[in-house]
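Undergrad: Have a look at this one before I ask anything.
The values are calculated or read from the model by the stated rules, or taken from the named source; none is laboratory data. Keep in mind that what you see is a predicted model, and the values were worked out from it rather than measured. Here the Cβ is made from the backbone with ideal geometry for all residues, glycine too, and neighbour counts use every protein chain on show. With ligands, DNA and RNA removed, areas are computed over all heavy atoms of the protein, side chains included. Shrake-Rupley method; radii C 1.70, N 1.55, O 1.52, S 1.80 Å.
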Amino acid sequence: PTSDSTPLILKQCSIPSACLELTVDKLSDQMKCKMISMYDLQREEPITVSTRANGLDLHQYQLDDNLQIDSLDKALIAQRLAHTHFQNEKYVEAVSLYKECFEFFSPKDDAKAADSLHSIAAVRLSQLKFLQAQREWKKGSKYRRIHPGIALQLEKQTAYGYFDNLYDGSNQTQLLQYEAIGSSRTLFITPHAVSPNTCRKLIEWAKDHASEQGGWTTSRHYAVPTNDIPLHASKNLLSWFVGWFHETAIPLLQTQFQTKQTFFVHDAFLVRYSAGSSSDYLPLHYDESTHSLVLALNSEFEGGGTYFYSLDHTSVPSCGSVVSFRGNKLLHGGNVVTKGERFIIAAFLYVDDETTHEQKRSLSTSVFQKASKRSKPEEGFSFGFF
């Protein structure tokens, strides 16, 4: 039902904008039905669902190669088809349609043009082309005031320095001792990576930030609710983490996963799990990352820990220990915290095929040289949250 208790009429469409999802509330043990959008819906876009039992046959909805997107109706159909291609991991087709939509919308509708460009970047990220995704978001700088998703990515580009301060191995400290779990080299435990005093300070900074900003963030993902603080939103947390990540985490990860590639931070949060709340666990899931890192910040709780399904292993690291693993390969979840509060830093990382320091330096130079040659320079990065 809608807010005024009138029925919400859903239209049937073979290229749906939403789906219905049944869930069971663990506290009330009641079944609930949620309507989940398949992508970011525009205000005027109708909410539609599909009742096809066997899924979509996209071939019947393909646009003719010679058909020009010359009207709003055709552009909206193309955009929805691109979203469907994206969901079905048909990335080449999705990018092609998103680009056509961008060309159509860019002189007419900034909001839809920004959404098309943001979608192209999201596809690149799904293709594990991290730096290419960042270039697409950088192109969207002029839309940052009207598109929260682009604004957030530009904020993180500034915070984590994707195109500068690149790791070259010159500041690494002595490598820490670690343990590999299983024979696949996809999960590692590193004890004593951070001192207990530092861990306590990080928790204190997070609590101070939450107090100043009106509380913890609670809307990270509809299916994986957490209480957290984005590290890039806190000056103290960000400053410590960036230094530690470059000096300690990157060389450790390179050794563990036997690669010379640089690791990029796509997202990082200080997370709080509270016993008895809706955020006392995480269901089984894969991360949107090539690698993930969990830093345990305390031990004053019961239960908790991370369960890895394929390894049938639960890791409950001691305070200051790091759990590192292949986030998009290992199905995992957070066990229920039964008493107290558990605090961790969770970081979602990507490696990229553009691996050498020289390639990245060239990339950084070319991006900003192009920006300086524009007749009307764009403004700097803005800060927002999505």
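Undergrad: Working carefully through the options Ala206, Ala249, Ala210, find the one that is within 20 Å of Glu300 (Cα to Cα), open to solvent by less than 20 Å² (accessible area, probe 1.4 Å) and of a type in the set (A, V, I, L, M, F, W, C). Talk me through it step by step, then tell me what you get.
TA: Working: Ala249 fails: within 20 Å of Glu300 (Cα to Cα); Ala210 fails: within 20 Å of Glu300 (Cα to Cα).
So the residue among Ala206, Ala249, Ala210 that is within 20 Å of Glu300 (Cα to Cα), open to solvent by less than 20 Å² (accessible area, probe 1.4 Å) and of a type in the set (A, V, I, L, M, F, W, C) is Ala206.
Undergrad: Would a scan of segment 221-228 turn up a residue that is closer than 20 Å to Val323 by Cα, surrounded by fewer than 16 Cβ atoms within 10 Å (Cβ to Cβ) and polar (S, T, N, Q)?
TA: no
Undergrad: With the structure loaded, tell me whether Asp109 is surrounded by fewer than 22 Cβ atoms within 10 Å (Cβ to Cβ), of a type in the set (D, E, K, R) and over 15 Å from Phe264 (Cβ atoms) or whether it fails that test.
TA: Values: surrounded by fewer than 22 Cβ atoms within 10 Å (Cβ to Cβ): yes; of a type in the set (D, E, K, R): yes; over 15 Å from Phe264 (Cβ atoms): yes.
Criteria met by Asp109.
Undergrad: Can you say whether Ala78 is under 22 Å from the mean Cα position of the chain (by Cα) and of a type outside the set (Ser, Thr, Tyr), as far as the supplied structure shows?
TA: no
Undergrad: Just checking, does segment 82-100 include any residue being modelled with pLDDT under 65, part of a loop (DSSP other than H, G, I, E, B) and out of contact with any strand residue (DSSP E or B) (no Cβ under 6 Å at 6 or more places or on another chain)? Full working, then the answer.
TA: Applying the first criterion (modelled with pLDDT under 65) to segment 82-100 yields none.
No, because not a single residue in segment 82-100 is modelled with pLDDT under 65, part of a loop (DSSP other than H, G, I, E, B) and out of contact with any strand residue (DSSP E or B) (no Cβ under 6 Å at 6 or more places or on another chain).
Undergrad: Then there's this: Among the residues of segment 276-304, write down those that are surrounded by 19 or more Cβ atoms within 10 Å (Cβ to Cβ) and free of Cβ contacts under 8 Å to residues at least 40 places away in the same chain.
TA: Gly304 - this is the single residue of segment 276-304 that is surrounded by 19 or more Cβ atoms within 10 Å (Cβ to Cβ) and free of Cβ contacts under 8 Å to residues at least 40 places away in the same chain.
Undergrad: Name the pairs: first residue in segment 202-220 and among the polar types (S, T, N, Q), second residue surrounded by 15 or more Cβ atoms within 10 Å (Cβ to Cβ) and at pLDDT 90 or above, Cβ to Cβ under 6 Å, at least 6 apart or on different chains?
TA: Pairs that qualify, where the first residue is among the polar types (S, T, N, Q) and the partner is surrounded by 15 or more Cβ atoms within 10 Å (Cβ to Cβ) and at pLDDT 90 or above, are Thr217/Asp228.
Undergrad: Same structure again: Sort through Gly320, Gly384, Gly340, Gly333 and tell me the only one that's assigned to a loop (DSSP other than H, G, I, E, B), at pLDDT 90 or above and either over 30 Å from Lys142 (Cα atoms) or not aromatic (Phe, Trp, Tyr) (or both).
TA: Matching residue, one of Gly320, Gly384, Gly340, Gly333: Gly320.
Undergrad: Going by the structure shown, is Lys108 under 22 Å from Ser126 (Cα atoms), charged (D, E, K, R) and at pLDDT 70 or above?
TA: Criteria not met by Lys108.
Undergrad: Taking into account only those residues within segment 136-156 that are part of a loop (DSSP other than H, G, I, E, B) and either in contact (Cβ under 8 Å) with a residue 40 or more places away in the chain or not aliphatic (A, V, I, L, M) (or both), which is least open to solvent (accessible area, probe 1.4 Å)? Quick ask: steps written out before the conclusion?
TA: Keep residues of segment 136-156 that are part of a loop (DSSP other than H, G, I, E, B), which gives 140, 144-147.
Those still in the list that are either in contact (Cβ under 8 Å) with a residue 40 or more places away in the chain or not aliphatic (A, V, I, L, M) (or both) too: 140, 144-145, 147.
Details: Gly140: 0, Arg144: 19, Arg145: 174, His147: 18 Å².
This residue is Gly140.
Undergrad: Filter segment 20-37 down to the residues that are open to solvent by 100 Å² or more (accessible area, probe 1.4 Å), at pLDDT 70 or above and either outside any strand (DSSP E or B) or of a type in the set (S, T, N, Q) (or both) and list them by number.
TA: Asp29, Gln30 - these are the residues of segment 20-37 that are open to solvent by 100 Å² or more (accessible area, probe 1.4 Å), at pLDDT 70 or above and either outside any strand (DSSP E or B) or of a type in the set (S, T, N, Q) (or both).
Undergrad: If the requirement is being in contact (Cβ under 8 Å) with a residue 60 or more places away in the chain and closer than 28 Å to Gln157 by Cβ, which of these qualifies: Arg272, Arg342?
TA: None of the others qualify; the one that does is Arg272.
Undergrad: Hey, another quick one. Can you tell me which residues in segment 112-135 are open to solvent by less than 30 Å² (accessible area, probe 1.4 Å), touching a residue at least 60 places away in the same chain (Cβ under 8 Å) and hydrophobic (A, V, I, L, M, F, W, C)?
TA: Of everything in segment 112-135, those that are open to solvent by less than 30 Å² (accessible area, probe 1.4 Å), touching a residue at least 60 places away in the same chain (Cβ under 8 Å) and hydrophobic (A, V, I, L, M, F, W, C) turn out to be Leu125, Phe130, Leu131.
Undergrad: Could you tell me which of the residues Tyr307, Tyr273 is open to solvent by 20 Å² or more (accessible area, probe 1.4 Å), not basic (Lys, Arg) and not in a loop (DSSP other than H, G, I, E, B)?
TA: Selected residue: Tyr307, the only one of Tyr307, Tyr273 that is open to solvent by 20 Å² or more (accessible area, probe 1.4 Å), not basic (Lys, Arg) and not in a loop (DSSP other than H, G, I, E, B).
Undergrad: Here's a check for you: in segment 254-270, which residue that is hydrophobic (A, V, I, L, M, F, W, C) and open to solvent by less than 30 Å² (accessible area, probe 1.4 Å) is nearest to Thr338 (Cα to Cα)?
TA: Among those that are hydrophobic (A, V, I, L, M, F, W, C) and open to solvent by less than 30 Å² (accessible area, probe 1.4 Å), it is Leu270.
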